[in-house]
Amino acid sequence: MMIELKDIKKDYHLGLETVHALRSINLNIDENEYVAIMGPSGSGKSTLMNLLGCLDTATEGTYCLNGSDVSDMNDDNLAEIRNREIGFVFQNFNLLPRASALHNVELPLIYNGTPSSQRHGLAAEALTKVGLGDRMQHRPNELSGGQRQRVAVARALVNNPSIILADEPTGNLDTRTGDEIMDLFETLHDGGNTIILVTHEEYIAEHSDRIIRLRDGHIERDEAR
Amino acid sequence: MRLRESAVQLKENVVIALDVIRNHKMRSFLTLLGVIIGVMSIIGVQSLIEGFQKSIHDQIEQLGANVFQVQKYPVNVGHHDRDKYRNRKDITWEHARAIEKYCPAVERVAPEAWHFEIVIKYRDRKTSPANVLAGGTPDFFANNSYYIDEGRAFSEVDVQQKRDVAVIGKDIVDALFPFEDPIGKSIIVDGRRYEVIGTIEELGRRFGGSEDNKVAIPLSTFLKYYGTNRSLNITVQAASVDMMETAQEQVIGVLRAIRKVPPGEPNDFEIWTSDTLISAFNDMTRVVRIGAIVIVSFALLVAGIGIMNIMLVSIRERTREIGIRMAIGARRADIRLQFLIEAIFLSVMGGLFGILIGVGLSQLIALATPVPAAIPYFTIFLGFIVCAAVGIIFGVYPAAKASKMDPITALRYE
């Protein structure tokens with residue numbers, strides 16, 4: 001099992017009030033699954049996404065990622081897990097504006113100490129895989145929205161992570177470009193990658209093999225398609 | 001493994017730091033201005049002081065390792081301290097004669113007197129008041145390392161007969177006798193007429209000024225015109241460098257006897273050697289140095305606050321970048337290092353400019369004025385270290401602040 005969530009709870013304190021963002025989530029995701037997490041705003045899907053991405057830790061419960069328990073890890077270990085195991089794709093791309101596409105893709109490799117000789121090759125390979133082999137020296141502002149998201153996907157792929165975690169990846173793109181990105185995910189999935197997609201668009205979720213619907217911090221429905 | 005990671009990241013951090021500075025040229029420059037001015041001033045002051053010091057040391061060493069002086073006042077007394085020594089008995093020609101007679105370790109004794117800001121005239125020509133009149137005996141020249149260029153020095157006879165004869169330095173020759181042979185000519189020094197009998201070889205610039213501004217006349221003539229109610233300096237040359245100590249002891253013994261200093265009392269006169277002169281001069285420049293350091297410390301404090309301020313602004317602007325870096329695997333320590341390096345780079349870069357401008361300026365001053373300058377290598381090295389320290393001290397807080405950001409909040413920051 002790649003991901004095992006057991007009795008995950010997440011509380012936030014807003015002043016004196018406690019918000020239960022997640023109430024007892026139990027969830028298993030296997031290798032090479034293509035999962036969509038859906039739900040209205042306030043359902044807890046962002047919180048779940050942050051937990052799955054190791055950007056945050058749960059208040060209660062255990063999270064096993066690829067066999068290791070990450071629930072009680074400290075910041076530094078979580079940073080290493082994010083670097084090795086998780087590739088993020090964000091709605092607003094989150095690329096470094098002044099760095100070239102190549103450098104943006106190299107960034108995760110910098111933080112695990114890959115020497116620059118290997119780094120360029122790996123980053124170029126990832127960019128070629130997403131169809132941007134000819135745009136490597138372009139800066140984000142010289143690229144279209146679709147191309148920027150491809151750079152972000154290449155960055156997510158470059159370290160061969162266990163999961164690709166995409167948060168509304170088509171939210172800032174027009175329909176046609178969005179479809180191209182979804183096709184790209186399809187290809188990655190076919191190539192053996194595990195993909196978790198957070199979205200509120202039904203037609204985007206339909207690209208996945210399994211849809212998990214959240215409401216008020218609970219899993220309301222979990223259906224394979 | 002850890003080491004290799006660090007090396008990879010260090011390179012990345014340096015690249016980022018340079019990129020940020022390049023992308024905010026104006027902002028970086030203004031921030032650096034404080035560091036630049038601070039470092040520039042300290043380097044400028046130090047190079048001038050060191051240049052000055054070197055020339056003074058050379059000058060003092062030219063006195064000779066076997067020469068010392070007897071004077072009424074200690075080296076380097078301020079005006080109010082002077083009163084303390086005023087009541088000492090004057091040092092007289094008699095003392096010089098006694099030293100000559102009773103000190104076997106002494107080779108030559110030359111009593112001398114000085115008068116400053118002297119104007120010299122010859123026909124319709126006239127010097128500036130930057131000249132100095134000395135009264136001496138024939139050994140005055142040897143004891144002060146003055147060599148006769150043309151003509152002759154004054155003799156014992158000149159001294160005995162209080163003749164109005166003068167030996168003049170190169171500056172005065174140049175000013176009064178551009179096209180003539182000065183020997184045998186009649187000049188007017190401070191309103192009195194003298195015959196030029198010799199010239200002193202060019203000495204060049206020392207003490208940051210010319211040494212060739214001397215008019216030497218017999219001591220007897222000097223006392224005749226300027227009064228005997230004064231304390232003389234006695235220049236004493238020991239028989240050899242090895243005899244310096246002995247010669248000084250003998251001179252002290254003779255002078256204490258003549259001046260009737262009771263046993264147990266301290267000397268009521270001073271022995272000046274090149275060592276005491278150098279240390280006195282170093283004491284003097286130390287005050288200037290310390291003053292400069294205090295002022296520069298304040299400048300660097302202000303500069304450091306400027307760096308801290310701009311780093312805080314930069315971190316706020318780049319909140320999302322920090323979030324991105326954290327999301328893809330930067331540890332808190334990585335973020336901290338990144339911003340610390342940026343602050344150090346800013347500061348050291350300012351230091352570099354400051355050093356260049358400071359050295360350049362002092363060299364310019366040295367070219368345009370008689371003030372000498374040296375390149376203060378140690379201060380330059382120190383300047384770098386201090387700038388790096390300023391970067392670290394004032395970069396720590398912003399860097400820590402950046403590293404403590406919550407990645408989720410940082411990613412959402414607009």
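The values are calculated or read from the model by the stated rules, or taken from the named source; none is laboratory data. Here the structure is a predicted model, which means the values were calculated and not measured. As a convention, Cβ positions derive from the backbone with ideal geometry for all residues, glycine included, and neighbour counts pool all protein chains shown. Side chains included, ligands, DNA and RNA excluded: accessible areas come from the protein's heavy atoms. Shrake-Rupley method; radii C 1.70, N 1.55, O 1.52, S 1.80 Å.
Assorted remarks:
- Inter-chain neighbour count for A:107-119: the average number of beta-carbon atoms from partner chains within 10 Å of each residue's beta-carbon is 5.
- In nm, spacing of pseudo-spin labels at B:Ile252 and B:Ser145 (7 Å Cα→C-beta vector): 2.5
- Charge sum, other residues only, whose C-beta stays under 11 Å from B:Met243's C-beta, Lys/Arg counted +1 and Asp/Glu -1: -4
- When the helices of chain B are scored as -39500 (n - 2.57) per DSSP H run of n ≥ 4 and the total is divided over every residue, the value at 222 nm lands at -19500 deg cm²/dmol.
- J(HN,Hα) series, the stretch A:206-219, from Karplus relation 6.51 cos²θ - 1.76 cosθ + 1.60, nearest Hz, glycine and proline x: 5, 5, 8, 9, 8, 10, 10, 9, 9, 8, 6, x, 10, 7
- Here the spin labels are modelled as points 7 Å beyond Cα on the Cα-Cβ line, and at B:Asp19 and A:Tyr203 they lie 3.7 nm apart.
- Between the beta carbons of A:Glu180 and A:Asn26, assuming R0 = 41 Å, the FRET efficiency works out to 0.70 to the nearest 0.05.
- For chain B, averaging the sequence separation of C-alpha pairs within contact (under 8 Å, six or more residues apart) and dividing by the residue count gives a relative contact order of 28 percent.
- With θ taken as phi - 60° and the Karplus curve 6.51 cos²θ - 1.76 cosθ + 1.60 applied, the whole-hertz 3J(HN,Hα) list for the stretch B:258-266 is 5, 8, 6, 7, x, x, x, 7, x Hz, x standing for glycine and proline.
- Dipole of the protein assembly as shown [Lys/Arg +1, Asp/Glu -1 at C-beta], most positive-end residue of A:Leu14, A:Ala101, B:Asn131: B:Asn131
- For chain A, the share of accessible area belonging to carbon and sulfur comes to 43 percent (1.4 Å probe, ligands and nucleic acids excluded).
- The calculated FRET efficiency for the pair B:Arg97 and B:Ser297, based on their C-beta separation and a Förster distance of 51 Å, comes to about 0.40.
- The stretch B:21-34 - phi-based ³J(HN,Hα) in whole Hz, Karplus 6.51/-1.76/1.60, Gly and Pro as x: 5, 5, 7, 10, 4, 5, 4, 5, 4, 4, 5, 6, 3, x
- Within a Gaussian network of chain B (alpha carbon springs, distance under 10 Å), most fluctuating of B:Lys121, B:Lys162, B:Lys260: B:Lys260
- The contact between chain A and chain B removes approximately 2500 Å² from the accessible area (both sides summed; 1.4 Å probe; ligands, DNA and RNA excluded).
- Charge dipole (the stretch B:89-268, unit charges on Cβ, about Cα centre) - positive-most of B:Gly191, B:Asn143, B:Ala175: B:Gly191
- Based on the reciprocal of the average 1/r between different C-alpha atoms, the Kirkwood radius for the stretch B:89-268 equals 17.3 Å.
- Given charges at beta-carbon only (K, R positive; D, E negative), |dipole| of the protein assembly as shown in Debye: 2280
- Taking only protein heavy atoms and a 1.4 Å probe, the accessible area of the stretch B:89-268 is 48% carbon and sulfur.
- Relative to one another, the C-alpha centroids of the stretch B:336-363 and the stretch A:30-76 are positioned 46 Å apart.
- Per residue, chain B exposes 49 Å² of accessible surface when a 1.4 Å probe is rolled over the protein heavy atoms with every protein chain present.
- FRET efficiency, 1/(1 + (r/R0)^6) with R0 60 Å, evaluated for B:Ser279 and A:Gln137 via beta carbons: 0.40
- When the Cα positions of A:Asn74, A:His200, A:Gln149 are compared along the charge dipole of chain A, A:Gln149 comes out farthest toward the positive end, with charges on each C-beta of Lys, Arg, Asp and Glu.
- Over all other residues within a Cβ to Cβ distance under 12 Å of A:Ala126, the charged ones net out to +2, with Lys and Arg as +1 and Asp and Glu as -1.
- Averaged over the residues of A:74-84, the number of partner chain Cβ atoms lying within 10 Å of the residue Cβ comes to 4.
- Threshold 30 Å², the stretch B:315-363 residues less accessible with all protein chains present than alone (1.4 Å probe): B:Arg320, B:Ile324, B:Arg325, B:Ala327, B:Ile328, B:Gly329, B:Arg331, B:Arg332
- Inter-probe distance in nm under a simple model that places probes 7 Å from Cα toward Cβ, at B:Arg27 and B:Arg82: 5.8
- If you take all other residues with their beta carbon under 10 Å from the beta carbon of B:Tyr225, and give Lys and Arg +1 and Asp and Glu -1, the sum is +1.
- Considering helices alone, the calculated mean residue ellipticity of chain A at 222 nm is -10000 deg cm²/dmol, with DSSP H runs of length four and up weighted by -39500 (n - 2.57) and normalised per residue.
- Sequence-distant residues sharing a close amide H with B:Ile148 (under 5 Å, placed H): B:Glu201
- Per residue, the average separation of C-alpha pairs within less than 8 Å and at least 6 apart gives the stretch B:89-268 a relative contact order of 32 percent.
- Chain B, dipole about Cα centre (Lys/Arg Cβ +1, Asp/Glu Cβ -1), debye to the nearest 20: 1880
- Cross-link reach list, lysines versus A:Lys10, counting only Cα pairs under 29 Å and skipping chain neighbours closer than eight places: A:Lys45, B:Lys401, B:Lys404
- B:Trp114 long-range amide H proximity, modeled H, under 5 Å: B:Gly135
- Between amide H atoms placed 1.01 Å from N, distances below 5 Å from B:Val165 occur with B:Glu195, all of them 5 or more places distant or on a separate chain.
- The Kirkwood radius of chain A, taken over pairs of alpha-carbon atoms, gives through the Stokes-Einstein law at 25 °C and 0.890 mPa s a diffusion coefficient of 137 µm² s⁻¹.
- Convex hull per residue volume in Å³, alpha carbons only, for the protein assembly as shown: 250
- Relative intensity of the stretch A:1-79 on a log10 scale, I(q)/I(0) at q = 0.14, 0.16, 0.17, 0.28 Å⁻¹, equals -0.46, -0.60, -0.68, -1.49, per a Debye sum over C-alpha point scatterers of equal strength in the absence of solvent.
- Cα-centre dipole for the stretch B:89-268 with unit charges at Cβ (Lys and Arg positive, Asp and Glu negative), debye to 20: 700
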